[in-house]
Each structure stands twice: as structure tokens, then as C-alpha cells.
1. Within the set of pairs 6+ apart or on separate chains, which have a first residue in the stretch 10-23 that is closer than 15 Å to G38 by Cα, a second that is assigned to a loop (DSSP other than H, G, I, E, B) and aromatic (F, W, Y), and C-beta atoms under 6 Å apart?
2. Counting only residues that are part of a helix (DSSP H, G or I) and either within 14 Å of M1 (Cβ to Cβ) or open to solvent by less than 90 Å² (accessible area, probe 1.4 Å) (or both), how many does the stretch 59-69 have?
3. Determine which member of the set A52, A56 is surrounded by 13 or more Cβ atoms within 10 Å (Cβ to Cβ) and in a helix (DSSP H, G or I).
4. Just to be sure, is D2 exposed (fewer than 10 other Cβ atoms within 10 Å of the Cβ), out of contact with any Cys (no Cβ under 6 Å at 6 or more places or on another chain), without any contact (Cβ under 8 Å) to a residue 12 or more places away in the chain and acidic (D, E)?
5. Tell me yes or no: at least one residue of the stretch 27-35 is assigned to a helix (DSSP H, G or I), of a type in the set (F, W, Y) and surrounded by 14 or more Cβ atoms within 10 Å (Cβ to Cβ).
6. Just wondering, is there one or more residues in the stretch 14-25 that are loosely packed, with under 10 Cβ neighbours inside 10 Å and in contact with a helix residue (DSSP H, G or I) (Cβ under 9 Å, 6 or more places away or on another chain)?
7. Yes or no: T76 outside any loop (DSSP other than H, G, I, E, B), open to solvent by less than 80 Å² (accessible area, probe 1.4 Å), among the hydroxyl-bearing types (S, T, Y) and modelled with pLDDT under 95?
8. May I ask you to verify whether F47 is open to solvent by 50 Å² or more (accessible area, probe 1.4 Å), of a type in the set (F, W, Y) and in contact (Cβ under 8 Å) with a residue 12 or more places away in the chain?
Amino acid sequence: MDSKEQKIRQEYTDLQQRLQDPAIFGSKEYPKLARRQGQLEKIIHLFDEASALTEARNEAEELASGTDLDLANLATIEIDELDEK
């Protein structure tokens, strides 16, 4: 996890803690904080998706270098598909 991702995840955690306080709902700051939380959720989802794709690609690379030719061919196709994503 890089430093930018860590900062975003930390900001999201801090924001969630602030939004758990019932007093925040009456604050004029609430709409801004709620919008920011939504933005951060989308960004974090993208980080998670990228991580899952990287992991899947690494697994496919392992299979592609294996001795089973059929499985290696399928893994090569999967690598191409993952690269597109």
C-alpha cells in the first residue's frame, strides 16, 4: 500500500469516527463531510479493485509458467484480459 492510499484510508477512518458523533448531524459541516465520505468510499473501492486485479494477475502468471500446457494457455488468456482491465 502506497502512502497516498494510506492517507486516503486514514482520512476515511477519521471521517467515519467524526460522523458517528450524533452532534454532527445538526452541524452545518455535516453535508460536506458526508459528501467527502462518499468520495473516499469510491476511491477506496478503486484501490481494492486494483489490488484484487493485481493479485489475480500474479496467480495467473504462476499458472502460465506451470507444466500443464492447457492451464498455461488459459492463464495467458486471463493475463491478457486482466491487463485490459
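The values are calculated or read from the model by the stated rules, or taken from the named source; none is laboratory data. It should be emphasised that the depicted structure is a prediction, and the values quoted were computed from it without experimental measurement. Because the Cβ atoms are built from the backbone with ideal geometry, glycine has one as well, and the counts that use them run over all protein chains shown. These area figures cover heavy atoms from the full protein model, side chains too; ligands, DNA and RNA do not enter into them. Shrake-Rupley method; radii C 1.70, N 1.55, O 1.52, S 1.80 Å.
1. Once the first residue is closer than 15 Å to G38 by Cα and sits in the stretch 10-23, no partner that is assigned to a loop (DSSP other than H, G, I, E, B) and aromatic (F, W, Y) comes close enough.
2. Here is the first cut: in the stretch 59-69, the ones part of a helix (DSSP H, G or I) are 59-64, 69.
Filter once more, so that each one left must be either within 14 Å of M1 (Cβ to Cβ) or open to solvent by less than 90 Å² (accessible area, probe 1.4 Å) (or both): 60-61, 63-64.
Residues that pass the stated criteria total 4.
3. A56
4. On the way: exposed (fewer than 10 other Cβ atoms within 10 Å of the Cβ): yes; out of contact with any Cys (no Cβ under 6 Å at 6 or more places or on another chain): yes; without any contact (Cβ under 8 Å) to a residue 12 or more places away in the chain: yes; acidic (D, E): yes.
In short, yes.
5. Initial filter on the stretch 27-35 (assigned to a helix (DSSP H, G or I)): 30-35.
Adding the requirement that they be of a type in the set (F, W, Y) leaves 30.
Still in the running and surrounded by 14 or more Cβ atoms within 10 Å (Cβ to Cβ): 30.
Checked against the condition, which is being assigned to a helix (DSSP H, G or I), of a type in the set (F, W, Y) and surrounded by 14 or more Cβ atoms within 10 Å (Cβ to Cβ), the stretch 27-35 yields at least one hit.
6. First, pick out the residues of the stretch 14-25 that are loosely packed, with under 10 Cβ neighbours inside 10 Å: 17, 20-23, 25.
Still in the list and also in contact with a helix residue (DSSP H, G or I) (Cβ under 9 Å, 6 or more places away or on another chain): 25.
The answer is yes, given that some residue of the stretch 14-25 is loosely packed, with under 10 Cβ neighbours inside 10 Å and in contact with a helix residue (DSSP H, G or I) (Cβ under 9 Å, 6 or more places away or on another chain).
7. Numbers: outside any loop (DSSP other than H, G, I, E, B): yes; open to solvent by less than 80 Å² (accessible area, probe 1.4 Å): yes; among the hydroxyl-bearing types (S, T, Y): yes; modelled with pLDDT under 95: yes.
Against the criterion (outside any loop (DSSP other than H, G, I, E, B), open to solvent by less than 80 Å² (accessible area, probe 1.4 Å), among the hydroxyl-bearing types (S, T, Y) and modelled with pLDDT under 95), T76 qualifies.
8. On the way: open to solvent by 50 Å² or more (accessible area, probe 1.4 Å): yes; of a type in the set (F, W, Y): yes; in contact (Cβ under 8 Å) with a residue 12 or more places away in the chain: yes.
Answer is yes for this residue.
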